[in-house]
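Peer 1: Right, I'll just put the structure down here and ask away after.
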Amino acid sequence: MAEVAPPDPPLAAEGVRLRPFDERDVADLVEACNDPDIAQWLVAVPQPYTESDAREYVAHCAAGFADGSSLQLAVTDADRGTFLGSAGLMRPLPAQRVIEVGYWTAPWGRGQGAATTATRLLSSWAIDDLGYARVELMAAPLNAASNRVAQKAGFAREGVLRGRERTRDGVQRDLVVYGLLAGEHESRPR
């Protein structure tokens, strides 16, 4: 993935809008990332999560656009602009035309379908606009909500990567791998 600018116009559907992270997200990032569920499932998120961590993350997201390493976007309510979570594309393998999608939802944004919509939007954009042939998604087997999002977003469960992720307490945990191929997804409205 070469330098990738955030989608313009921003991706939006079903009451959800994706936009670049910025300064207005710092307080929401701190609150959301200190949630026990975020801490349990996202081992790369520092705990406790501080304002400094949030500012570094916002800067990291901007750098990811520039160097092509990732595209992390704020998931917001399309009408009110309320921060609901994060969704992004990462770990591109351009020669294989494969990329990974990931997401998390703030406690106040859960149960509204925002993660599913964001995942569909980004996956379709990766396939239709960026030319990827496969989008991958990984979730811990016991993370029922994340596994539901993958299935609702149209991903096929393909198997389990045993011992794929090291938890905070040093245990190697499995991850379920899902895949979505070009031709299996719903193209986003233009």
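Peer 1: Within the set of other residues whose C-beta is less than 10 Å from the C-beta of residue 70, count the net charge using Lys and Arg as +1 and Asp and Glu as -1.
Peer 2: Residues near residue 70 contribute -1 overall.
Peer 1: Would you give the gap between the C-alpha center of region 120-150 and the C-alpha center of region 19-75, rounded to a whole Å?
Peer 2: 19 Å
Peer 1: How big is the charge dipole of region 12-181 about its Cα centre, in debye rounded to the nearest 20, if each Lys and Arg gets +1 on its Cβ and each Asp and Glu gets -1 on its Cβ?
Peer 2: My answer is approximately 640 debye.
Peer 1: Moving on. How far is it, in nm, from the label point at residue 151 to the one at residue 22 when both lie 7 Å from their Cα along the line to the Cβ?
Peer 2: Going by the 7 Å Cα→Cβ label model, 3.9 nm.
Peer 1: Something else: Add +1 for every Lys or Arg and -1 for every Asp or Glu among the other residues with Cβ under 13 Å from the Cβ of residue 148, and state the total.
Peer 2: Around residue 148, the charge tally is +3.
Peer 1: Note down the magnitude of the dipole of region 105-186 about its Cα centre, charges +1 on Lys and Arg C-beta and -1 on Asp and Glu C-beta and zero elsewhere, to the nearest 20 debye.
Peer 2: 380 debye
Peer 1: Positive end of the charge dipole of region 12-181 (Lys, Arg +1 and Asp, Glu -1 on Cβ, about the Cα centre): tell me which of 116, 69, 26 has its Cα farthest that way.
Peer 2: 116
Peer 1: Once the other residues with Cβ under 9 Å from the Cβ of residue 116 are scored (Lys, Arg +1; Asp, Glu -1), what is the net sum?
Peer 2: +2
Peer 1: Here's a follow-up. Hey, if you drop one equal point scatterer on each alpha-carbon of region 1-97 and run the Debye formula without solvent, what base-10 log of I(q)/I(0) do you get at q = 0.10, 0.12 Å⁻¹?
Peer 2: Debye intensities relative to I(0), on a log10 scale: -0.28, -0.40.
Peer 1: Moving to a separate point now. If you look at just the Cα atoms of region 111-190, how large are its Rg and its Dmax in Å?
Peer 2: 13.7, 45
Any read-out appearing in this document is the output of simple, stated calculations on the displayed coordinates, not a laboratory observation. Predicted model only: the values in this text are computed from it and were never measured. Glycine gets a Cβ as well: all are built from the backbone with ideal geometry, and neighbour counts include every protein chain shown.
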